[in-house]
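Participant: One structure, pasted below without further comment.
The values are calculated or read from the model by the stated rules, or taken from the named source; none is laboratory data. The structure presented is a predicted model; accordingly, all values stated were derived computationally and were not measured. Here the Cβ positions follow ideal geometry from the backbone for every residue, glycine too, while neighbour counts run over all protein chains shown. To get the accessible areas, we keep the full protein, side chains included, count just its heavy atoms, and leave off ligands, DNA and RNA. Shrake-Rupley method; radii C 1.70, N 1.55, O 1.52, S 1.80 Å.
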Amino acid sequence: MNSELIEHDSETLKHVNEVRNNIWILIKELDRRAQVHDASKFEEPERSIFAANTPKLAKTEYGTEDYNKLLEEVKPAIEHHYSKNTHHPEHWPNGIDDMDLMDLVEMLGDWAAATKRNKNGNIHKSIEHNKTRFGISDQLAKIFTNTVNRYF
């Protein structure tokens, strides 16, 4: 083997290993988040308020007037929840613009799971609704849709 090929293979292997290390950093962070997701729902005031109101929320359609009225009833729990969980745009002063990729991945997973808890839940409708609600760009909304279609 000539020296150019040896150098190429050596440099390529260094690059591949660096990429692998970077991906493992992200995987470890996602694993950590999976372990602690929504842990604050087991704390007060969230626990009691959500226990009393989650069945009502399940019977309403996301984004409707009835849904928004129920959100007002659970406002102390919601505010506590947002303050403890970075995967919610409401946690951040500038919403989505302050979030990182790990926040976005957790948020999308949360949205997909939440649609299964609400009347007529539909992740595609949720993405469209939240696009307006949070000022999500067309490009990011398309990435969310592509992700849902490929993995959920």
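Participant: From the list E44, E72, pick out the single residue that is in a loop (DSSP other than H, G, I, E, B), open to solvent by 70 Å² or more (accessible area, probe 1.4 Å) and of a type in the set (D, E, K, R).
Facilitator: E44
Participant: With the condition kept exactly as written, say whether any residue in the stretch 82-93 is modelled with pLDDT of 95 or more, of a type in the set (V, I, T), under 20 Å from the mean Cα position of the chain (by Cα) and assigned to a loop (DSSP other than H, G, I, E, B).
Facilitator: The answer is yes, given that some residue of the stretch 82-93 is modelled with pLDDT of 95 or more, of a type in the set (V, I, T), under 20 Å from the mean Cα position of the chain (by Cα) and assigned to a loop (DSSP other than H, G, I, E, B).
Participant: Pairs under 8 Å by beta carbon, first residue over 23 Å from A52 (Cα atoms) in the stretch 75-100, partner open to solvent by 50 Å² or more (accessible area, probe 1.4 Å) and in a loop (DSSP other than H, G, I, E, B), six or more apart or different chains?
Facilitator: Short answer, once both residue conditions are applied: T86/W92; H87/H37; G95/G135; I96/G135; D98/W92; M99/W92.
Participant: What number of residues within the stretch 75-94 are surrounded by 18 or more Cβ atoms within 10 Å (Cβ to Cβ) and under 23 Å from T147 (Cα atoms)?
Facilitator: 4
Participant: As an exercise: evaluate D110 against (1) among the charged types (D, E, K, R); (2) free of Cβ contacts under 8 Å to residues at least 40 places away in the same chain; (3) under 29 Å from S48 (Cα atoms) and give the number of the one condition it does not meet.
Facilitator: (2)
Participant: Does R117 meet the test of being touching a helix residue (DSSP H, G or I) at 6+ places or on another chain (Cβ under 6 Å), open to solvent by 70 Å² or more (accessible area, probe 1.4 Å) and among the basic types (K, R)?
Facilitator: Criteria met by R117.
Participant: Okay, next question. Checking the condition at pLDDT 95 or above, surrounded by fewer than 16 Cβ atoms within 10 Å (Cβ to Cβ) and over 25 Å from T60 (Cα atoms), which residue from D110, D103, D97 passes?
Facilitator: Just one listed residue meets the conditions, D97.
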